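Only one structure is covered here, and it is reproduced in the block below.
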Number of protein chains: 2
Amino acid sequence: MNAEILSIGDELLIGQVVNTNASWLGEQLSLLGVDVRRITAVGDDRSQLLEEFRRAWEQQDVVIATGGLGPTHDDITREAVCAFFNTDLVFNEIVLGDIERMFSDRNRQVTDVNRDQAMVPAGAEIIRNHDGTAPGYHFARDGKHFFVTPGVPYEMHAMVDNYILPQLRQNFQRKRGSLTLLTTGIPESTLSARLDGIATLVEDASVAFLPSPLGVRIRITARGDDEQSVSDRIGRLREFVEQRAGEYVFGSGRQTLEEVVGALLKETGLMVSVAESCTGGLITDKLTNVPGSSDWFERGVVTYSNESKTELLGVDESTLRDHGAVSRECAEAMADGIRQRSGGAIGISTTGIAGPTGGSAEKPVGLVWIGISSETGTFAHNFYFGGSRIRTKQRAAQAALDMLRRRLRSLPPIPTELTESS
Amino acid sequence: MNAEILSIGDELLIGQVVNTNASWLGEQLSLLGVDVRRITAVGDDRSQLLEEFRRAWEQQDVVIATGGLGPTHDDITREAVCAFFNTDLVFNEIVLGDIERMFSDRNRQVTDVNRDQAMVPAGAEIIRNHDGTAPGYHFARDGKHFFVTPGVPYEMHAMVDNYILPQLRQNFQRKRGSLTLLTTGIPESTLSARLDGIATLVEDASVAFLPSPLGVRIRITARGDDEQSVSDRIGRLREFVEQRAGEYVFGSGRQTLEEVVGALLKETGLMVSVAESCTGGLITDKLTNVPGSSDWFERGVVTYSNESKTELLGVDESTLRDHGAVSRECAEAMADGIRQRSGGAIGISTTGIAGPTGGSAEKPVGLVWIGISSETGTFAHNFYFGGSRIRTKQRAAQAALDMLRRRLRSLPPIPTELTESS
């Protein structure tokens, strides 16, 4: 089953808006088993739209057009759809009810402009919109499907989840499922070597590695005749990954490492505090993005100057003089210091050279010491992160959070790979 | 002059990568005056590529194809380009020189796979790549242009800036220029009311408002017969904006507010320190993203608990008891405290309710007090930021940095709009 995504709107062509709608849709359709052949972005131009509708409808089994359904004069998708399917607008009572309900919920008056959105193409199924005023449309003809949705991301997402995907799923007799496992601290090449053989381990299943600066995602997809066989296949692959690379898997789906760490802290009842130098507040920023973090995050300090390391963390001046601020000794003293002064259970620290200047042959840009201190002891390790200042901050913050996760789960303190190769 | 952007790669269709290349290119071409008619993303499929090349080349004056030039077997763009232009690969010495230089700079050996990238389509101009191994190609035929670049963003950006835009600029007899002014602290509707009349003020010029959570960008575009008339037109519009909304304009182009604040601090020789509660480290994270920030950033603390506010900032327990942590009194004491304890010249502070829980009728989710303390005095103001936890953090951090900018530039301490409306 082939599909095309048609994104409509001048703002996409002039670069005012990045087309995240299309990539989101592409992922949803691919996971369902639909083969996305093409993504096309065009402007709000009637004759061009008609031409694209004609071409896409001829080439594909499924066309999903998004955008241009708003109430203003430059939104012409509805009119173009009517012209293409050679039909007229008719009044739809259910849509008007949805619009009136939305306005009354917000204590606002329905205007004629809004009421006009209840006029919909005759012969189309209506896709109701509970998050905005413009409904979507669905034309099914000769086993092919033409869907139209608004371009507002959350309105489109809801229509795809609640209507379009269920409609398309009926076309797949075999069931399909997927699971994304999240890893950090291991490069893609090393991970795929550890998981050698996974590609052919289970029939009717596939595995993809998706690298990013914060870690590699492993996406497992399986098909089967029923739900049970799909979940068995996914389960066998998950087990294989856990056996070969378990310590690197921190979560699944759309979780973040800070959410995982936050849940572990909540579970254990421990409080954490953070002393940052080179990461400059990024670790505390990430931790405090998690709702409810005040339950397990006590305080953080960003000690850029030597004075602040001494005053706020009790790092000895002699440590700074003898070893420098970027050293094992300083990282350990910082982690110890924040733990003791906060009265918390765990302290973590970072000190390094984010660049672009300040590096030397002995201590190059990208060198970061990360420390952790808890009742079971204090420990620091050095990492070498290449790349830009911001990239180094991101990778160092992720490594520090991972060190915290490892202590909370009693795993090796740093990635085993690093121990083996050093 | 019409153009199409052709983005090549399976990863775009399955949603693994968001097509930011196309929006960046769309913006650059539009600013030059090229009319981008279509953005098409297709997979690494030879016959489909040939079909898209044929169609785009027939419809447009300019085609820019990006992606699929890498050295692996699934990169087939080079082969498809040869087939489309009915030409063969020939060895290019300059390209091999570039590749060898790149590898020797990184202390790595050139492999046969890399060497093969010096084979380029005969009859194409070469677009040199100083950031990677794959060169770009340029076919000029009958006044039309077909460009091919790698999909790696920074390699593509450099080729567009240094080769493609200069090539296309020759086709525009009239000159064109643009300037983006950056504002913060004023909603789009209020800003456009203040700038009423700007649309028709200067002939051959246009103004667009581009809102984002951190502020509204004002993009000024002008045309003229020569560079001087273009820059005069832009200058008159800039002056109009400065007169009507000058206090809100913090910079231009791609600057960030933290870069602007950092430059002002460097200029004045003042040091800043930060005490954050609800923004959770985001302000210090932003400040320390600026290279050289250690020259003007002394320290930051993230005081989530009441104890940490007292211990690290000297906030009186009675202040917390009588007024609560989210109050003018606490924000002022925090800003004062961090300034005095750091020995710095300026202290800024935030304390608020980021949500999703913790709000009350009197102190709703989204209420944030921001404080600033310097030799000229201490001051705090309350803001109401609706929206999610992360959105509230972002808007509060931006407002705090803007308060710092206003003090450094001796502007009104908070947006005049807020004073007028409250």
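Data table
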read-out: Residue with peak Gaussian network fluctuation, chain B [Cα springs, cutoff 10 Å], from B:392, B:111, B:378; value: B:111
read-out: Percent of beta bridges antiparallel (DSSP, segment B:257-421, rounded to nearest 5); value: 60
read-out: For residues of A:309-318, the mean tally of beta carbons on other chains within 10 Å; value: 1
read-out: Fraction of beta bridges assigned by DSSP in chain B that are antiparallel (%, nearest 5); value: 60
read-out: Subset of A:286/A:363; B:266/B:393; B:144/B:175; A:266/B:309; A:363/B:266 violating a 24 Å alpha-carbon distance limit; value: A:286/A:363; B:266/B:393; A:363/B:266
read-out: Ranked A:133, B:256, criterion: other C-beta atoms within 10 Å, fewest first; value: B:256, A:133
read-out: Helical contribution to [θ] at 222 nm, DSSP H n ≥ 4, -39,500 (n - 2.57), averaged over the protein assembly as shown, rounded to 500; value: -11500 deg cm²/dmol
read-out: GNM result for chain B, Cα springs below 10 Å: residue of B:243, B:109, B:255 fluctuating most strongly; value: B:109
read-out: Inter-part distance where segment B:91-170 and segment A:320-352 are each reduced to a Cα centre, Å; value: 47
read-out: Average Cα contact separation per residue, chain A, under 8 Å, 6 or more apart, as relative contact order %; value: 10
read-out: Label geometry 7 Å along the beta-carbon vector: residue A:204 inter-copy distances in nm; value: 6.8
read-out: Label-reachable residues, segment A:303-322, where backbone N falls under 12 Å from a point 7 Å from residue A:360's Cα toward its Cβ; value: A:321-322
read-out: Prolate/oblate/rounded call for chain B, Cα gyration tensor, a/c under 1.5 rounded; value: prolate
read-out: Over segment B:2-169, relative contact order from alpha-carbon pairs under 8 Å, at least 6 apart, %; value: 22
read-out: Residues with amide H under 5 Å from that of residue A:252, placed H, sequence gap 5 or more; value: A:182
read-out: Semi-axis lengths, Å, segment A:245-373, gyration tensor of Cα atoms, sqrt of 5 times eigenvalues; value: 27, 18, 12
read-out: Taking A:76, A:372, A:186 and counting other C-beta atoms within 10 Å, the order from fewest to most; value: A:76, A:186, A:372
read-out: Prolate/oblate/rounded call for the protein assembly as shown, Cα gyration tensor, a/c under 1.5 rounded; value: rounded
read-out: Residue A:127 long-range amide H proximity, modeled H, under 5 Å; value: A:136, A:137, A:138
read-out: Within a Gaussian network of chain B (alpha carbon springs, distance under 10 Å), most fluctuating of B:336, B:295, B:142; value: B:142
read-out: Shape of segment B:36-108, Cα gyration tensor, a/c cut at 1.5; value: prolate
read-out: Other copies of residue B:20: label-to-label distances in nm, shortest first, labels 7 Å along the beta-carbon direction; value: 1.1
read-out: Identity and axial distance of the chain A residue whose Cβ lies nearest the axis relating A to B, Å; value: A:281, 2
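Every number here is computed from the coordinates shown, using simple stated rules; none is lab data. Fair warning: this is a prediction, and the values are worked out from it, not measured in the lab. Note that we place each Cβ from the backbone using ideal geometry, even for glycine, and neighbour counts take in every protein chain shown.
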